[in-house]
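Take a look at the structure set out below.
None of the figures in this text is laboratory data; all of them are computed from the coordinates on show. Quick caveat, the model's predicted, so the values are computed rather than measured. Positions of Cβ are backbone-derived with ideal geometry, glycine not excepted, and every protein chain shown enters the neighbour counts.
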Ligand SMILES: Cc1cc2nc3c(=O)[nH]c(=O)nc-3n(C[C@H](O)[C@H](O)[C@H](O)COP(=O)(O)OP(=O)(O)OC[C@H]3O[C@@H](n4cnc5c(N)ncnc54)[C@H](O)[C@@H]3O)c2cc1C
Ligand SMILES: Cc1cc2nc3c(=O)[nH]c(=O)nc-3n(C[C@H](O)[C@H](O)[C@H](O)COP(=O)(O)O)c2cc1C
Ligand code: FES
């Protein structure tokens, strides 16, 4: 799948390597339950790659457990300290309980719950999901029980967890967003807000907040006034230039940005007589969107000073390292969880190992290494390189 | 629910484009019930992103073998046919809620349309094991697609309908149902949407036609069971196994819903795939 390899670690040997080693094996072995990765064939080490513990190197004696993985996503405002920078993305992990024993939520950096609105929503007509080349398309339509039910039903559970839960908030007007956030403010078990602004703004003729810098800034500012909770705002990739929007949100007082939400797309039904999704339009996610999401993070990180969380198509440690390299301080895993629910926890271990073997005491040494040394002059460059 | 590495033991094309695969997966072979399913992952290099859901076709706790029966309809199902004995794939399961058989039901009517056989096949085993009588009504387009009787327990009475009349009754399988509706204590169906909808309509009119007392009258008469509860399904004459495109299959993504008569979307992977027929809003009310 991937040809490049930047950091070779023992985690690579046992798991990331097996990205290229088929899950299917021709040899017989004991049937074990648990992480599928653990059952894969012993991979072959490619020539030139350094195995952990092989010969001297910067990683010699490195101890992954000593690597600092902590990150603060709201350094300017109260603080949102996570044990590690691997989060699970909104809409792909429900309310944190659905995977039961299959996933140990305590190992995750944070959980973003399903988009939450003021009133309950029944969502869109099915079919709501389908696979697309290298990804998937979804149009859930923000089905959720409403903020009051979320507070009543899930917050008490979350309170007992050491993993912070960020409530993903959606609305159709600034007043909607503010009211939802007010009801979440001060509720034990709610660690922060992730504003999903990829929603039509009814007050502005249905134009999404996320594609209009003024609207994005206004909703952020209004929410900021309504709560002291850490406030993350999630960017949409469906815009010509994301930078003014990111700046407006940062200026309005957001603690961090998350990027990106899904890309707008459609699929056609098998009989080719209509679009496949009940709602016609859906959002594309998964590996197919990674280059686009990475570009957005790269651009945003050069124009804002607040932390940026990278999202889009992460399926391996290499993907995580790519996002860190373009300036993200943390990442969210979404679609890949459906295929491999144990992936996020494994990425935490792999990241620690990668840092240890690179001789870093903190994973933060990986951040921003691929950004231009000097901030790009605020020229029209961003426009030029777009085909 | 567990993540299990299942090793392919046998893979056979039992009908044109229809495959029966056996996997060694002891953790799934015990404790799984008819109506439940597994969410199966294709290999990384397959290029496939989502898992694929398949019903338990049979399970054998003694040998640790489970089987799935599927038709190749696209890239995922096609990929699975290339597996060879000894290959290991990831299965997440058992998932969803099973069929609920009332302890007093002696006569079970199973109705399968095409690949729907895979959804009710295991229930035939469970019913025979429990000493119940089973009639299986099976419908297919033509004789070529008829499920081989040799793959069914001997105790099952097997009645076939084909759309073109090339084998058995000439017409839809639903046309066979009225002849059994008095005999049957409960009915269980899996198959294409229109078939299930027709069966639901038949089931709704059945009590009126037969004038029978409601099953479950004696126990808890007048008590209303919460929709989706095992009790509600156990008391229903007809239980249906529904299909919907899935993301997670554990209830997290809300990708797989069908509309209920109560007006709330139900997740096929969590509240289903088995529903009482009257729980489903057949004329989708979105
Ligand atoms: C609970 C449940 C149990 C099932 N059990 C069986 C079974 O025992 N035997 C069998 O042959 N089939 C069964 N199906 C249907 C089976 O999952 C689909 O045929 C299969 O996913 C098609 O994958 P594909 O890649 O070959 O098809 P494609 O059309 O290429 O798939 C594209 C996408 O649509 C989804 N999809 C397509 N058709 C269906 C469908 N009918 N139901 C759900 N998702 C679909 C796929 O999973 C995939 O995400 C079941 C479905 C569900 C929901
Ligand atoms: C089924 C599904 C539901 C989603 N629901 C939401 C949501 O409610 N709110 C939100 O902000 N993003 C939602 N997303 C977007 C994801 O959080 C994430 O931004 C996107 O999927 C890209 O990441 P990925 O490629 O790792 O999946 C959803 C994505 C999927 C696949
Ligand atoms: S498939 Fe995700 S909720 Fe059912």
Let's test the formula: R0 of 22 Å, r as the Cβ-Cβ distance of residue A:280 and residue B:261. What FRET efficiency results, to the nearest 0.05? 0.25
Please give the FRET efficiency for residue A:264 paired with residue B:201, using the beta carbon to beta carbon distance and R0 = 30 Å, rounded to the nearest 0.05. 0.15
Please average, across the residues of A:119-129, the number of beta carbons from any other chain that are within 10 Å of each residue's own beta carbon, and give a whole number. 6
How big is D for chain B, in µm² s⁻¹ as a whole number, if Stokes-Einstein is applied with the Kirkwood radius of its Cα pairs at 4 °C and 1.567 mPa s? 67
Please compute the modelled spin-label separation between residue B:107 and residue A:370, points set 7 Å along Cα→Cβ, answer in nm with one decimal. 6.8
When chain B is treated as a GNM, springs tying every alpha-carbon pair under 10 Å, which of B:31, B:64, B:272 comes out with the largest mean-square fluctuation? B:31
What share of all Cα pairs of segment B:2-95, in percent, falls into each consecutive 10 Å distance bin? 18, 56, 26, 1
Once you average over the residues of A:285-295, how many Cβ atoms of partner chains fall within 10 Å of each Cβ? 1
Quick check on the exposure proxy: order A:369, B:77 from fewest to most C-beta atoms within 10 angstrom. A:369, B:77
Given the DSSP H assignment, sum -39500 (n - 2.57) over each helix run of at least 4 residues in the protein assembly as shown and divide by its residue total; what's the result at 222 nm in deg cm²/dmol, nearest 500? -6000 deg cm²/dmol
Using a 10 Å cut-off on Cβ to Cβ distances, tally the other chain neighbours for every residue of B:82-92 and report the average as a whole number. 5
Label residue B:81 and residue A:106 with points 7 Å out from Cα along Cα→Cβ: what is the distance between them in nm? 4.7
Given 20 °C, 1.002 mPa s and a Kirkwood radius over Cα pairs, the Stokes-Einstein diffusion coefficient of the protein assembly as shown in µm²/s is 80
Convex hull of segment A:16-366 built on C-alpha atoms - directionally averaged projected area, nm²: 19.4
Relative contact order computed over chain B (Cα-Cα under 8 Å; 6+ residues apart), in percent: 17
Within segment A:16-366, percent of DSSP bridges classed antiparallel, to nearest 5: 35
Using the Cα gyration tensor of segment A:210-355, with a ≥ b ≥ c the square roots of its eigenvalues, what is the shape: rounded (a/c below 1.5), prolate (a/b larger than b/c) or oblate (neither)? oblate
Using Cα pairs under 8 angstrom and six or more residues apart, how large is the relative contact order of segment A:16-366, in percent? 20
Most exposed to least, judged by fewest other Cβ atoms within 10 Å, B:183, B:282, A:161 sort to B:183, A:161, B:282
I need A:180, A:303 ordered by Cβ neighbour count within 10 Å, fewest first. A:303, A:180
Determine, from the Cβ-Cβ distance of residue B:229 and residue A:202 and an R0 of 30 Å, the FRET efficiency 1/(1 + (r/R0)^6), rounded to the nearest 0.05. 0.20
Using alpha carbon centers only, segment A:246-304 is separated from segment B:1-67 by a whole-angstrom value of 34
Please tell me the relative contact order of segment A:191-261 in percent, rounded to the nearest whole number, where contacts are Cα pairs under 8 Å and at least six residues apart. 37
